[in-house]
Amino acid sequence: MSEGPLLDIRGMTVSFRQQRSLTDVVRGAAPRAVQAVQNISLSLERGETLGLVGESGCGKTTLGRAILRLVDYQKGEVFYRGAAVGPLQGNALLSFRRSAQIVFQDPYASLNPRLTVGETLSEVLKVHGLCAPEQRMERVLALLETVGLSQDFVHRKPRQLSGGQCQRVGIARALAVEPEVIIADESVSALDVSIQAQILNLLIDLKEQRNLAMIFISHDLSVVRHVCASLAVMYLGRIVEYGPTEEVFANPRHPYTQALLSARPTMDGSSIRDGSLLAGEPPSPLSLPPGCAFHPRCAKAMSECRTVVPERRGVGTSHDCACLLYP
Amino acid sequence: MTGAVPALSRTRGFISRRVGSPKPVLMAGILMVAFWVVIAFAAPWIAPYDPNVHDYGAVLSPPSATHWLGTDMFGRDILSRIIHATIVDLQIGVLGVVLPFVLGTFIGLIAGYFGGVIDMVLMRLLDIMLAFPWLILLMAIIAVLGPGLYSFYIAITLVGWVSYARLVRSQVLVLKSSDFVMAARALGYGDMRIMLRHILPNALVASIVFSMSDVVLVLLAGASVSYLGMGVQPPTAEWGVMIAEGQTFITTAWWIPAFPGVAIVLMALGFSLLADGLAEQLDVDP
């Protein structure tokens, strides 16, 4: 095993080009691109749980998919155990697929409605040649047991399952290849609160038993605080703050993080609202504001925020923040 | 796959549990189509007369106890000819749909899944096909190939794939970005596996429903083409041919063209009901 982080993301940039309309072509307008992820660097140690939070449309999901090479990225690279993932082909790529898996948000949409649970799980084992054909059934049952489903589920179709049960099957499918990294993309946000807790506990248990590294994408801060050791806050395709979860919660530095934290509902109805609540919607990622993308909504914006793009700088022990307030 | 792990294959009662009991419309469609299938295969035993034997003592006789649906200008029994023609028309209806279905599904799947230049070329080809009136195109192709049933099947395949390609492609585009296909890609499944096992089975429902109503169109196209002398050749009994032969007698012997016409309508109705019933059944339960 090489030294260094398990998963290292360096300078990742993903943009989606918009189809040019005929009038644009005639006018010779440049093709417009949505900047979904901009120059993001992150690393993940073995067994580490990283939370990725931000508003809808900030690029969390795209980043997660780009890490797994499900979306093409324009710049940057992902290194898994020190080896670049981008150039992988054939068996090497298949081997990476066994190392990193994803669990999706919508539990029903993430399962092929035509296949039974058993067919879905045994297909993984078959494609990756993980066990002899006669042992597949046994492995499938063991996987179901791992995620807390009884043997009866083998013959069921997704339509016959509840959301939570579907999500368990989705987790079992990801675990079938015995990955080292799991990206959980809003994996509990579509579920009822009581089921959310069950699935979260399942993920936490599995992570501890198997020493999984996990990137936990969510917009629910309390869930992230419960699960994650470190936290990255995204705004419009960039990471604006990164640090140990408790440190970020106790001492948020970026005005956006402060606003997010103060917007959390509290149990007693009171809140720590201090006037830093966000107004308005995030700008369109098609035309990002110059300088710091957050400045139009920022209560503490200064004149140079309009022109200078802030870099991530250390503001504490392994705590970074991309804001001009902290030079 | 299911073959390798028998215990994982579907349990009994799976169909009924998944689809539920058939609704009346679907039931009526199934019964009517089944009726024609039985007629088609039992023709030699249930037809009262030989369909091609001329009986000059009973030329142009109206419906009666001996000839229930009358006789034509050669004294051939209309009922027997309709019964014997059933298998020909059923074959036209089914093959004339299955062949375009297969070609169109293949093209739609390739175009939708791979996108880019392949998609562009195939879809422009489709636009060109759509720009022609399809019946004219059909007859033009048959005219080039020469009259006969095989020409008809080739022509209907070349003309009819368009609708299926469009239907399947639009479904594939939606399914391609669905989470379960994304999961299949994350698991490193190959393109063939993803296309055939994960996308295609989920993309076919709309086409299957459409194909049932397409049977009606193809049946009428087959009858039209035969009527014009470009399809089934006399003396083989075929409903369109029978109408064509009988039209000169329409004022004196209406039964010659009328009863084959009724047969076409009844077979078309059967497939229409089947289509509506399937749409209803599968829509709530895709």
**Prompt:** Gain in length, residue B:266 to residue B:106, computed as 0.36 nm per residue apart minus the alpha-carbon separation, to one decimal in nm?
**Reply:** 54.4 nm
**Item:** Nitroxide proxy distance, nm - points 7 Å out along Cα→Cβ at residue B:120 and residue B:66
**Value:** 7.2
**Item:** Residue-by-residue Karplus 3J(HN,Hα) for segment B:97-114, coefficients 6.51, -1.76, 1.60, Hz, glycine and proline x
**Value:** 9, 4, 5, x, 4, 5, 5, x, 5, 4, 5, x, 5, 4, 4, x, 6, 7
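What accessible area per residue comes out for the protein assembly as shown, rounded to a whole number of Å², with a 1.4 Å probe?
Ligands and nucleic acids excluded, the figure is 45 Å² per residue.
Taking only DSSP H segments of four or more residues, each worth -39500 (n - 2.57), what value at 222 nm results for the protein assembly as shown once the sum is divided by all its residues, to the nearest 500 deg cm²/dmol? Working shown, then result.
Values: 21 runs with 293 residues, N = 613.
Only helices count here, giving -15500 deg cm²/dmol.
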**Request:** Starting from the Cα of residue B:41, step 7 Å toward the Cβ, then list every residue of segment B:70-102 with an amide N under 14 Å from that point.
**Result:** B:87, B:91
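Per residue of A:123-133, what is the mean number of Cβ atoms on other protein chains within 10 angstrom of that residue's Cβ?
3
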**Residue-span extension gain [residue B:220 to residue B:130] - 0.36 nm each, minus C-alpha spacing** = 30.5 nm
**Prompt:** When only Cα pairs under 8 Å and 6 or more residues apart are kept, what is the percent relative contact order across segment B:118-246?
**Reply:** 26
**Request:** Check cross-link reach from residue A:207 to the aspartates and glutamates: straight Cα distance under 14 Å, and skip same-chain residues fewer than eight apart.
**Result:** A:45, A:48, A:178, A:180
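Accessible area, 1.4 Å probe, largest first: how do B:161, B:254 sort? Before the final figure, lay out the partial values.
Details: B:161 10, B:254 125 Å².
If we order B:161, B:254 from most to least accessible, we get B:254, B:161.
Can you figure out the FRET efficiency of residue B:254 with residue B:94, using R₀ = 45 Å and their beta-carbon distance, to the nearest 0.05? Display every interim value, and only then the final one.
On the way: r = 30 Å, r/R0 = 0.67.
My answer for the efficiency is 0.90.
Give A:157/B:176; A:126/B:176; A:60/A:157; A:75/A:300 a once-over and call out the pairs whose C-alpha atoms are over 24 Å from each other. Provide the component values of the computation, followed by the final result.
Numbers: A:157/B:176 20 Å; A:126/B:176 22 Å; A:60/A:157 30 Å; A:75/A:300 32 Å.
Cα-Cα > 24 Å for A:60/A:157; A:75/A:300; rest within.
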**Prompt:** Mean separation of Cα pairs under 8 Å and 6+ residues apart, divided by the residue count of chain B: what relative contact order is that in percent?
**Reply:** 26
**Item:** Rounded Å value of the spacing that divides the Cα centres of segment B:227-286 and segment B:160-200
**Value:** 36
**Complete:** Interface B-A: total buried accessible area (1.4 Å probe, Å², nearest 100) of 3000
**Prompt:** Across peptide B:185-194, what mean number of C-beta atoms from other chains lies inside 10 Å of a residue's C-beta?
**Reply:** 6
**Cα Rg, Dmax, segment A:247-327, angstrom units** = 13.8, 41
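For segment A:247-327, give the percent of accessible area contributed by carbon and sulfur heavy atoms, probe 1.4 Å, rounded to a whole number. Could you put the intermediate results ahead of the total?
Details: 2500 of 4590 Å².
The C+S portion of the solvent-accessible surface of segment A:247-327 is 54 percent.
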**Fill in**
With label points set 7 Å from each Cα along the Cα-to-Cβ direction at residue A:317 and residue B:282, the distance between them in nm comes to 6.3
**Fill in**
Across A:115-122, the residue-averaged tally of Cβ atoms belonging to other chains within 10 Å stands at 5
**Residues of segment A:36-61 with amide N under 20 Å of the 7 Å Cα→Cβ point at residue A:219** = A:36-38, A:51-61
**Fill in**
Distance in nm between residue A:307 and residue A:284 label points, each 7 Å along Cα→Cβ, equals 2.7
**Prompt:** So what is the relative contact order of chain A, in percent, for Cα pairs below 8 Å that sit 6 or more residues apart?
**Reply:** 19
**Message:** Could you work out how much longer the chain between residue B:53 and residue B:193 gets when fully extended? Use 0.36 nm per residue separation minus the Cα distance between them, nm to one decimal.
**Reply:** 44.9 nm
**Request:** Work out from phi, with θ = phi - 60° and the Karplus expression 6.51 cos²θ - 1.76 cosθ + 1.60, the ³J(HN,Hα) of each residue of segment A:66-83, listed in order in whole Hz, and give x for Gly and Pro.
**Result:** 5, 4, 8, 6, 9, 10, 6, 10, 8, 9, x, 7, 10, 10, 10, 6, x, 9
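The values are calculated or read from the model by the stated rules, or taken from the named source; none is laboratory data. Since this is a predicted model, take the numbers as computed values, not measurements. FYI the Cβ positions are ideal-geometry reconstructions off the backbone, even for glycines, and counts take in every protein chain you see. Remember, those area values only see protein heavy atoms, side chains included, never the ligands or the DNA or RNA. Shrake-Rupley method; radii C 1.70, N 1.55, O 1.52, S 1.80 Å.
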